[in-house]
Structures are given as C-alpha cells and as structure tokens.
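The values are calculated or read from the model by the stated rules, or taken from the named source; none is laboratory data. Bear in mind the structure is a predicted one, so any value in this text is a computation, not a measurement. Virtual Cβ from ideal backbone geometry, glycine too; neighbours counted across all protein chains shown. SASA here: full protein model, heavy atoms, side chains in, ligands and nucleic acids out. Shrake-Rupley method; radii C 1.70, N 1.55, O 1.52, S 1.80 Å.
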Amino acid sequence: MSASRVKIGALVPLQSNLVVNDSVSRIPIFEGANVVGRNHLAISDKRVSRKHISLHASGDGSAEVLVEGPNPVIIRSEGHRRKICSQEKVMIVNGDVMELIPGTYLFKYATIGDEHAFSSTTDSSSSRKGKRHGEEVGLSTKRNRQILEDEAFARTLQAMQHFNVTRDELPLIFRLMQVQGLPTWANSSSVTIQDVIEGNISVAVLSNYMVDIDWLMSACPNLRKVPHVLVVHGETGASFEHLKKNKPANWILHKPPLPISYGTHHSKAMLLVYPQGVRVVVHTANLIYVDWNNKTQGLWMQDFPWKDDKISNKGSFFENDLVDYLKTLKWPEFSVKIPPVGNVSINAAFFKKFDYSSAMVRLIASVPGYHMGTNLKKWGHMKLRSVLEECKFDKEFCKSPLVYQFSSLGSLDEKWLNELASSMSSGTSDDGSPLGIGKPLIIWPTVEDVRSSLEGYAAGNAIPSPQKNVEKEFLKKYWARWKADHVGRCRAMPHIKTYTRHSGQDIAWFLLTSANLSKAAWGALQKNNTQLMIRSYELGVLFLPSVIHHGPVFSCTANDNLKMVDRKSSTPIDGRLKAKLVTLCWNGNKGTGSSSAVIQLPIPYQLPPQPYASEDVPWSWDRRYTKKDVYGQVWPRHVQLYTSEES
C-alpha cells in the first residue's frame, strides 16, 4: 500500500547523545497519514502504544503529530524541549527530534533531501554524497522552516483561529494590527486603519510622532471627508515641511512644547468625534506605511456617548486623566459646529462632554517636565505605581515576573531599572500584603530575528537602538527572545510596546503604550525621590482585573440601535463581573464561575519568555552585519529611515 505513496522523509533513530543509531531501522514517512508505535521499536515496551502517534506529512516537508497514546512525547526544536500530552497536536519540521517516551526512543525527523545526510558511517564518499544532498536542499529547507515556524505553534494551540471577539467585548481588550503576507488565521480579529477611522466623523484629533501625509490620505480616504482635522505631531525638518506643504487646507498642525532637550512628542492616539459620541483610540503605530503593514502593532479603542445634561454625570478616573493630559498639549483652540450639540470650541475641556463611566482601562501618560509635590505621581512610571498601589491581585502574583517589550532602548543603568521595577511591582495581594518586587525580562529581537524577518535588515530601521545602549554588560541577564508563533508574527518585527506582570498564562495587569524603555519616556526620580523628570509625551492604556460592566456596549458607528442608545442606559447595568486576564495560550475553562469573566488578551509573544541562548546577539542598528538577509542584502544598506525615538 505504501509503495504507491510519495515518500516525504523518515524518522531516523538516535542514541541518547543524538548520534544516529544504525542498529534500529528507520521509519519511512509518506505523504498523508502515518502511524508510529510499539512495533517500530527494537524492543517491546508497553509504555509505547501500538498507535503511539499519528503523523500527517505534507508535501512541503512539514508534519502534524497527534499523540494517540496515554503517555506524552517530547519534541526538541530550535534547542528547546516541549512536552506534548495525549490528544495534543504539534507541527514538526526537518531536523526536529522526537522522544516517544521522555528521554527514551529518540528519532530525528528528516525530509527526503536530508535523510541521507544523517549517517554514522565514516565512508568518505557517503559523507560527501550526504553533504551534497544537504547543500542542495539546505536553502529550501531553511525557507520552509522559516515559513512553518510561525505556523507550527499556532496550529498546536489554535490561538488566533479561535480569537473571535464580539463587539461587546472589544473595550475589554486590545487588538493586533493586520500584517501583510501572513496567513489568514494570523490576521483574524486584527484591524486596519480603515477599521478605526470610519463613519461620519465631525472632528478628528490625530496624535503621533511620524506622519506620512501621502500614505495616510491614500490609506484612509475617509479623512478627506472630515471637516476638521487636528494633527498633533513630533515631526521636524524636511519631514515637517513636506507635511505642512501637502496637508489639506482644513487641517491644523500642532507640535506640543518640549521644555526639556532630547524629548519627543511620541504619543500615538486618535480622538474621533461623531454626532453620536467620541471614539478614543490608543495605539503603537506611526502614521506611515511600514508601521500599519509590516510590523507587530497593537491598538485599543472604545466609543463613549455624550453626557446627558439631565443626569448627574460625575467625572471618572478615565475622564480626569484624559483631560489633564490633553491640557498639556496646548493646541490652538478652534470652533466647530457638531450636531446635535451646536457650536463648540475644541479644547481639552471639550472632552468633558462625554460619558466615560463605562471605560474599561486606565490611562497612563507621560508629559515632559519636572514633576513634584501633588504632580509627582501624575505621570510616567510614578502614575503607574500610584494606580497599581490601589489594586488587589491574586496571591499567585506575589513576586511573579515582569516583562518589558518595546522597540527602542534608551541609555539605561541598573539603578533606574530597579526604580522602574519598583513601580511595576506595586500592588497588594488579597490579604493586603505587598506583591513584592518581580524579576524583569526584556524581550528584544536578535540580529537573526531581524535578518530573517519579513522586511529583512530593513526592519532594523524601526528598532533604532545603538550598540552603546544595547551591549551593556548588566543587560545580558535580562534579554529574552521575541517568539510570536501563536499569533503568526515571529517574522513581523515588534513596534508594539507592552509591559506586564504574569504568572504562567495568567496576567496581573497589562499595559499597551507608546513608551519605550527609557528614562525619557518613563521619567527618572531626582532630588531624593521628590521629583520626576520626564522628557517626552507618551500615552498608554492599562488593563486591570477590576470589576467590569457586563452588557451591551455603546458604538458611534454600529448600524443598529446601539449607536442611538438611551444615554441613561449607555452604561450597562446588567451585572458586574470580576475580570480574570489571561493570554491566548491559556487553556482553562472560560466559564470560571458566575461572578468572574475570563478576558483573553492577544499578547503577541510567548509567556514565559525564553532567555537568550549563548549564540543570540541583541540587535543594534549601528553595527555592520555581513550575513545576507532574506533579500540577499547586508547591513547597513541605505541611510537609516527612522530617527531614534528615544535618547
């Protein structure tokens, strides 16, 4: 029967030292279904079932393994061992090693081209033949592995495929932005700029660092219909001159004041005013093509209705934080006519007219200046500290680890990292005791990650950190790998910035922000901790396991009666649930009880992160790399396109 089938490769038996074991027969693997079990072993071992694994091989050399027997198998891939339990699936590719019983009965999966390269013989002609075979298929195998690596883990976990978020749940989470060239499953529930800037917008406030006006107008033609657009930006020089020259006549440009040198306006947000209400958007992408198409990025948004003057609407934390932040931008006021409220002046106070009582996040902003007294805990990492200090967390998060993930690394010292960790470790457990300081890991792309990315070395333009910042000796113990298999984004380099505290796949809190890891963005304490100095504007949203509203969500653009919902009921009163924050890889029961709700956040990297291996080198954008990337290029190739976002 198998003679008529196409042979894909073989399972090559290995000794414990990973040398080929020629005393045991190789197991041929054919395209389609294969069964491996006890009968393939040299000795009978009842721990191995007769149908221990099912292996379904594809023509491209990949194979899906399903563990059929009651005992787990181990897959060794890329230097890591992973246990696969009964009825679980995993994708394997050429060169992966399988242990049918952990530590016992080792087999290397070899595709047809590489199978002959695995031999214990010392015959030189055989060795040369195997080498030739390996060279012929090496490039193809490497290419296949690159493609399959992104999909393997995701198919096993089926994470993004099943991440279908209802509109009612959208304010509770953030979403990833679409990336060109990824398989369909990897872009499920992700967003484009057209998904955000939609509908009948009366006023748009676009806050960002870089703005490519030509791309923006072509990518989002709906902006041409918006009567009033304010762009709060961080552009300088020729880029600013081009923006000023090519903007539509009804657009206003404003660069906020930067009182301290080396600061930037770096916040990435949108305020879209509709006749029905306002849409608040906080995200991580510059308004340029590569950021919205080639990078791993994140975005959160929620719509809020106008306040009802007949009802007492007290200000909320969200409202106060938003308005206080907008005041610091000092943009020039302008008057507009908005149905149904009439003539209004667009300033910071204008945004008090909306009902933010249903806000599901807290705002964490940075504003340049020397902050002291009552303002000490108003901005930067001290604001995060003050919010977390008011929160209670499950005991599992006592001394649990922290994760910092970003795209630009400032000039750091260990004293400041301890200061930041102190803020990010704030909060108490249910019994009132402090959570304790968590050990941080820093997720940062390696040179190899950048070289083999969707953009090749060009992706390094958006990871603008110099060697002098990256290669400090004390940082070595913090480095961790960018692994994004479960969302298909291993090769989409991160421009997203996130910070979190976790215990396994459980999340204490999660911050999506524009802030990179730098003193400029987060602030540094001075004068015996009585003053916080910040250089840049930043904005982020903090997800907490606090009590959430459960019920229908207000929308400015929905084509149903929700957008015209009675303002009295715009804040759901159906019930309140305690939120449990988890990753997409969490495999618990979502129905954890009637008094809690499980909120899955599409965190795009593996938790816990993998520390760097000895061969991993952190990316620096001012080093020379002569090993060619996926496009056959070396680095540097051209003048760098980004300017460093952080100092």
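Could you name every one of the strands (runs of 3 or more DSSP E) located completely within segment 324-405 that has at least 2 residues being open to solvent by 40 Å² or more (accessible area, probe 1.4 Å)? Walk me through it before giving the result.
Details: elements: 334-338, 342-346, 362-366, 369-372, 402-405.
Ranges flagged: 334-338, 342-346, 369-372.
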* **Of all residues making up segment 234-257, the number that are of a type outside the set (Phe, Trp, Tyr) and surrounded by 15 or more Cβ atoms within 10 Å (Cβ to Cβ)** => 11
* Structure fact -> Picked from segment 30-61 (must be more than 14 Å from Met98 (Cα to Cα) and among the polar types (S, T, N, Q)), the residue farthest from the chain's Cα centre (by Cα) is Ser44
* Asked: Do we have any residue at all in segment 57-67 that's out of contact with any Leu (no Cβ under 7 Å at 6 or more places or on another chain), free of Cβ contacts under 8 Å to residues at least 24 places away in the same chain, within 27 Å of Ser23 (Cβ to Cβ) and surrounded by fewer than 20 Cβ atoms within 10 Å (Cβ to Cβ)?
  -> no
* Asked: Within segment 430-473, how many residues turn out to be surrounded by 16 or more Cβ atoms within 10 Å (Cβ to Cβ) and closer than 30 Å to Cys391 by Cα?
  -> 7
* Name the pairs: first residue in segment 234-260 and closer than 18 Å to Ser207 by Cβ and assigned to a helix (DSSP H, G or I), second residue open to solvent by 50 Å² or more (accessible area, probe 1.4 Å) and among the basic types (Lys, Arg), Cβ to Cβ under 9 Å, at least 6 apart or on different chains? -> Phe240/Lys255
* **Gly380 at positive phi and over 24 Å from the mean Cα position of the chain (by Cα)** => no
* Structure fact -> If we ask which residues in segment 520-531 are buried (at least 24 other Cβ atoms within 10 Å of the Cβ) and of a type outside the set (Gly, Ala, Ser), their number turns out to be 1
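Let's see how each residue does on (1) over 21 Å from Ser189 (Cβ atoms); (2) of a type in the set (A, V, I, L, M, F, W, C); (3) assigned to a loop (DSSP other than H, G, I, E, B):
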site	(1), (2), (3)
Cys490	no, yes, yes
Thr500	no, no, no
Trp509	yes, yes, no
Leu512	no, yes, no
Leu525	yes, yes, no
Asn529	yes, no, yes
Glu538	yes, no, no
* Structure fact -> Residues in segment 406-429 that are open to solvent by 10 Å² or more (accessible area, probe 1.4 Å) and part of a helix (DSSP H, G or I) total 5
* Asked: Which condition number in (1) surrounded by fewer than 22 Cβ atoms within 10 Å (Cβ to Cβ); (2) more than 23 Å from Val344 (Cβ to Cβ); (3) touching a Leu at 6+ places or on another chain (Cβ under 8 Å) is the one that Ile260 fails?
  -> (3)
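Return the residue satisfying two criteria in turn: it lies in segment 78-87 and is within 17 Å of Asp485 (Cα to Cα) and touching a strand residue (DSSP E or B) at 6+ places or on another chain (Cβ under 7 Å), and of such residues it is least open to solvent (accessible area, probe 1.4 Å).
In the first step, residues of segment 78-87 are kept if they are within 17 Å of Asp485 (Cα to Cα); the result is 78-84.
Filter again for touching a strand residue (DSSP E or B) at 6+ places or on another chain (Cβ under 7 Å), leaving 81-84.
Details: Arg81: 135, Arg82: 76, Lys83: 122, Ile84: 1 Å².
It comes out as Ile84.
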* Mind checking which pairs have a first residue in segment 607-619 that is within 24 Å of Phe510 (Cα to Cα) and open to solvent by 60 Å² or more (accessible area, probe 1.4 Å) and a second that is in a strand (DSSP E or B) and modelled with pLDDT under 95, Cβ under 7 Å, 6 or more apart or different chains? -> none
* Considering every residue within segment 266-282, establish whether at least one is out of contact with any helix residue (DSSP H, G or I) (no Cβ under 8 Å at 6 or more places or on another chain), assigned to a helix (DSSP H, G or I) and surrounded by 20 or more Cβ atoms within 10 Å (Cβ to Cβ). => no
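Looking at segment 272-301, which of its residues are within 14 Å of Gly540 (Cα to Cα) and among the aliphatic types (A, V, I, L, M)? Steps first, answer last, please.
So in segment 272-301, the residues within 14 Å of Gly540 (Cα to Cα) come out as 280-285, 297-301.
Within segment 272-301, Val280, Val281, Val282, Ala285, Leu299, Met301 qualify.
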* Identify the residue in segment 532-553 that is modelled with pLDDT of 95 or more and touching a Gly at 6+ places or on another chain (Cβ under 9 Å) and, among all such residues, is surrounded by the fewest Cβ atoms within 10 Å (Cβ to Cβ). => Met533
* **Residue check, Ser620 of a type in the set (Gly, Ala, Ser), modelled with pLDDT under 95 and out of contact with any Gly (no Cβ under 6 Å at 6 or more places or on another chain)** => no
* Asked: If you check Val73, Val35, Val24, Val48, which single one turns out to be open to solvent by less than 20 Å² (accessible area, probe 1.4 Å), over 27 Å from Lys483 (Cα atoms) and in contact (Cβ under 8 Å) with a residue 12 or more places away in the chain?
  -> Val48
* Structure fact -> Note on segment 298-319: residues in contact with a Lys or Arg (Cβ under 9 Å, 6 or more places away or on another chain), open to solvent by 20 Å² or more (accessible area, probe 1.4 Å) and of a type in the set (S, T, N, Q) are Asn313
* Looking at segment 308-330, which of the residues that are within 23 Å of Pro275 (Cβ to Cβ) and among the charged types (D, E, K, R) is nearest to the chain's Cα centre (by Cα)? -> Glu319
* Would you point out the residue of segment 214-233, among those that are in a helix (DSSP H, G or I) and under 26 Å from the mean Cα position of the chain (by Cα), that is surrounded by the fewest Cβ atoms within 10 Å (Cβ to Cβ)? => Trp215
